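Down below is the structure, laid out as structure tokens.
The values are calculated or read from the model by the stated rules, or taken from the named source; none is laboratory data. The model shown is predicted, which means the values in this text are computed figures rather than measured ones. Glycine also receives a Cβ, built like all others from the backbone with ideal geometry; neighbour counts cover every protein chain displayed. Only protein heavy atoms, including side chains, enter the accessible area calculation; ligands, DNA and RNA are left aside. Shrake-Rupley method; radii C 1.70, N 1.55, O 1.52, S 1.80 Å.
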Amino acid sequence: MYVAVKGGERAIENAHAWLAEERRGDTSVPELSVAQIREQMGLAVARVMAEGSLYDPDLAALAIKQARGDLIEAVFLIRAYRTTLPRFGASRPIETADMACKRRVSATFKDAPGGQVLGPTFDYTHRLLDFALAAEGEVPPAPQAEPAEGPVPHITGFLNREGLIQQERPSEETPPDLTRQPLETPADRSLRLQALARGDEGFILGLGYSTQRGYAKNHAFVGELRIGDVEVEFDIPELGFAVTIAEIEVTECETVNQFKGSKLEPPQFTRGYGLTFGMAERKAISMALVDRAMRWRELGEDYVGAPAQDEEFVLYHCDSIQATGFVEHIKLPHYVDFQAELELVRRMRREAAEAQAAAGAAAMKEAAE
Amino acid sequence: MGLLARAPAGDLAALWAEAGLSPAFAWARAPEFGGVMVRGRAGGTGAPFNLGEMTVTRCALTLEEGGAVGHACVAGRDREKARIAALCDALMQTAAAEEVRARILTPLAARMAQARRARAAKAAATKVDFFTMVRGEN
């Protein structure tokens with residue numbers, strides 16, 4: 001028999017008090033400020049904003065501090081906060097072609113207008129620990145050069161001109177929003193992109209990697225990767241026109257993929273697209289690979305059963321908060337469920353033993369006869 | 001409004017304080033926090049999709065003298081920045097417009113342009129110059 005109980009308030013309170021103490025760590029070491037996290041842990045902040053699906057570097061830094069650096073826990077805090085915000089509306093789509101790029105590289109065209117701009121990248125570092133960072137010190141200012149005037153056009157635009165790449169069809173349709181309607185499959189591309197943009201970087205990375213290793217193989221080049229600031233324009237109803245409300249940093253990746261053509265499309269290059277808040281190129285590249293793999297239906301490709309092609313598998317498992325919620329909840333009290341299972345197993349064992357005993361008795365009786 | 005919204009809060013507050021303007025006003029809508037869904041386009045140019053939200057603070061106010069209405073909608077959770085931006089917006093519709101432009105908007109734009117230039121200059125310094133190695137044999 002199970003008797004309902006309650007309790008644990010004191011234990012919980014004390015656990016949280018100890019958590020606060022552990023979070024602070026050794027008090028002889030200076031405490032981290034939120035501003036320090038925002039400025040010096042910028043890529044962690046970017047990840048929390050992207051997966052928390054809320055652009056606010058201060059809040060993301062606070063969440064990282066509160067979560068003791070557990071980024072999924074920080075994303076959880078941001079998602080929870082996000083739900084408390086009234087939605088004022090939606091922005092006009094950002095114009096990534098007008099981005100003030102701090103990084104812009106192409107693996108397909110060496111001499112693209114605007115050039116190959118490396119920006120503040122880890123690429124070409126030797127991945128050797130820099131012990132100089134263990135000591136505090138000033139950093140010399142980065143070198144400057146005369147900036148080139150003129151636009152930095154999207155690389156895929158060049159292939160577009162020759163008709164060698166699949167065209168994106170511009171539209172002004174209101175996209176579906178998975179924060180407002182339950183996510184259902186089949187999902188159109190805009191819904192898939194929203195889910196991927198807030199999906200777990202590790203999960204999307206693994207799936208993207210799987211497409212390169214041969215699961216839904218689409219040999220991809222990074223046509224372009226750009227990081228920089230874009231303006232966000234928002235229609236103010238009282239004014240009747242759109243105003244710029246912010247400049248935000250985003251990372252955009254366009255992949256160019258081999259495509260031998262299908263019943264629906266001629267041989268041409270096709271595209272995958274990745275876009276995330278902040279500086280997050282691993283995520284953006286992975287997102288583009290997975291986006292391309294999930295486009296098999298519209299491009300008339302065969303479904304080969306690869307995980308990255310399976311939108312139900314991808315979309316229902318890429319969200320770190322849904323995943324961690326369900327995975328971690330099994331550590332919470334399941335006393336009633338378990339009591340029922342215990343009863344069931346005991347009964348099955350009793351029944352099995354009785355059946356065995358009965359069979360044994362019958363066999364003995366038969367043998368005796 | 002765009003300039004005021006994009007301006008770093010610290011710069012705006014400092015210039016506002018230096019300008020020494022403090023017109024009396026009444027809130028039409030007190031500063032409130034909210035979210036705006038930021039949209040992107042598939043492939044950069046295709047159909048829109050929801051990228052994620054951003055925090056914003058918006059407010060509206062009416063100047064007691066003249067009744068000009070000022071609006072602000074700025075990134076982040078910053079009531080003070082929204083208040084100053086809305087006051088500037090309202091004052092731009094009054095006789096004080098030139099003063100606001102000269103003492104706040106113009107210096108603000110200059111500072112932001114300078115920061116933007118510095119960033120572009122750092123990016124330019126990381127631009128790759130390709131050169132072709134001479135092949136061997138002859």
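Of the candidates A:Val105, A:Val139, the single residue that is touching a Leu at 6+ places or on another chain (Cβ under 6 Å) and under 26 Å from A:Leu43 (Cα atoms) is A:Val105.
Within region A:47-58, residues that are over 9 Å from A:Ile78 (Cα atoms) and among the hydroxyl-bearing types (Ser, Thr, Tyr) have Cβ atoms under 8 Å from residues that are open to solvent by less than 30 Å² (accessible area, probe 1.4 Å) and part of a helix (DSSP H, G or I) in these pairs: A:Tyr55/A:Met49, counting only partners at least 6 apart in sequence or on another chain.
Of the listed requirements (1) outside any loop (DSSP other than H, G, I, E, B); (2) among the aliphatic types (A, V, I, L, M); (3) open to solvent by 10 Å² or more (accessible area, probe 1.4 Å); (4) more than 9 Å from chain A (Cβ to nearest Cβ), B:Ala95 misses just one: (1). Looking across B:Ala86, B:Ala82, B:Ala17, one residue alone is under 20 Å from the mean Cα position of the chain (by Cα), without any contact (Cβ under 8 Å) to a residue 12 or more places away in the chain and outside any strand (DSSP E or B). It is B:Ala17. Count of region B:31-58 residues, restricted to those that are more than 7 Å from chain A (Cβ to nearest Cβ) and β-branched (Val, Ile, Thr), is 1.
For region A:227-235, state whether one or more residues are without any contact (Cβ under 8 Å) to a residue 24 or more places away in the chain and over 18 Å from the mean Cα position of the chain (by Cα). For region A:227-235, residues without any contact (Cβ under 8 Å) to a residue 24 or more places away in the chain and over 18 Å from the mean Cα position of the chain (by Cα): absent.
When B:Arg111, B:Arg117, B:Arg101 are checked against the criterion of being basic (Lys, Arg), touching a residue at least 60 places away in the same chain (Cβ under 8 Å) and open to solvent by 80 Å² or more (accessible area, probe 1.4 Å), a single residue qualifies: B:Arg111.
Of the residues making up region A:104-137, those that are under 22 Å from A:Asn257 (Cα atoms), within 13 Å of another protein chain (Cβ to nearest Cβ) and surrounded by 10 or more Cβ atoms within 10 Å (Cβ to Cβ) number 10. The lone criterion from (1) surrounded by fewer than 17 Cβ atoms within 10 Å (Cβ to Cβ); (2) farther than 15 Å from B:Asn50 by Cβ left unmet by A:Tyr81 is number (1). Only residues that are open to solvent by 20 Å² or more (accessible area, probe 1.4 Å) and either at the interface with another protein chain (Cβ under 8 Å from one of its Cβ atoms) or touching a helix residue (DSSP H, G or I) at 6+ places or on another chain (Cβ under 7 Å) (or both) were counted across region A:65-78, and they come to 7. Taking (1) within 15 Å of A:Gly278 (Cα to Cα); (2) of a type outside the set (Ser, Thr, Tyr); (3) open to solvent by less than 50 Å² (accessible area, probe 1.4 Å); (4) part of a helix (DSSP H, G or I) in turn, A:Ile94 satisfies each apart from (4). On inspection, A:Val34 passes the criterion of being touching an Asp or Glu at 6+ places or on another chain (Cβ under 9 Å) and β-branched (Val, Ile, Thr). In this structure, does B:Val74 turn out to be under 28 Å from A:Thr251 (Cβ atoms) and either touching a residue at least 40 places away in the same chain (Cβ under 8 Å) or in contact with a Gly (Cβ under 6 Å, 6 or more places away or on another chain) (or both)? Considered against the rule, which asks whether it is under 28 Å from A:Thr251 (Cβ atoms) and either touching a residue at least 40 places away in the same chain (Cβ under 8 Å) or in contact with a Gly (Cβ under 6 Å, 6 or more places away or on another chain) (or both), B:Val74 comes out as yes. Residue pairs whose Cβ atoms lie under 9 Å apart, sitting 6 or more positions apart in sequence or on different chains, and linking a residue in region A:13-28 that is closer than 17 Å to A:Glu73 by Cα to a partner that is assigned to a helix (DSSP H, G or I) and of a type outside the set (Asp, Glu), are A:Arg23/A:Lys65; A:Arg23/A:Gln66.
Residue count for region B:22-44, restricted to those that are farther than 30 Å from A:Ile165 by Cβ, open to solvent by less than 30 Å² (accessible area, probe 1.4 Å) and at pLDDT below 95: 0.
Return yes when A:Phe76 is outside the structural domain of A:Thr244 (by TED's automatic domain parsing), under 26 Å from A:Ile285 (Cα atoms) and of a type outside the set (S, T, N, Q) and no when it is not.
On the way: outside the structural domain of A:Thr244 (by TED's automatic domain parsing): yes; under 26 Å from A:Ile285 (Cα atoms): yes; of a type outside the set (S, T, N, Q): yes.
When the stated conditions are applied, A:Phe76 passes them.
If you filter region B:59-74 down to residues that are facing another protein chain (nearest Cβ under 7 Å) and crowded, with 24+ Cβ neighbours inside 10 Å, you find that the one that is farthest from A:Gly278 (Cα to Cα) is B:Cys73. Does A:Glu201 qualify as being under 27 Å from A:Arg282 (Cα atoms) and in contact with a strand residue (DSSP E or B) (Cβ under 6 Å, 6 or more places away or on another chain)? Against the criterion (under 27 Å from A:Arg282 (Cα atoms) and in contact with a strand residue (DSSP E or B) (Cβ under 6 Å, 6 or more places away or on another chain)), A:Glu201 does not qualify.
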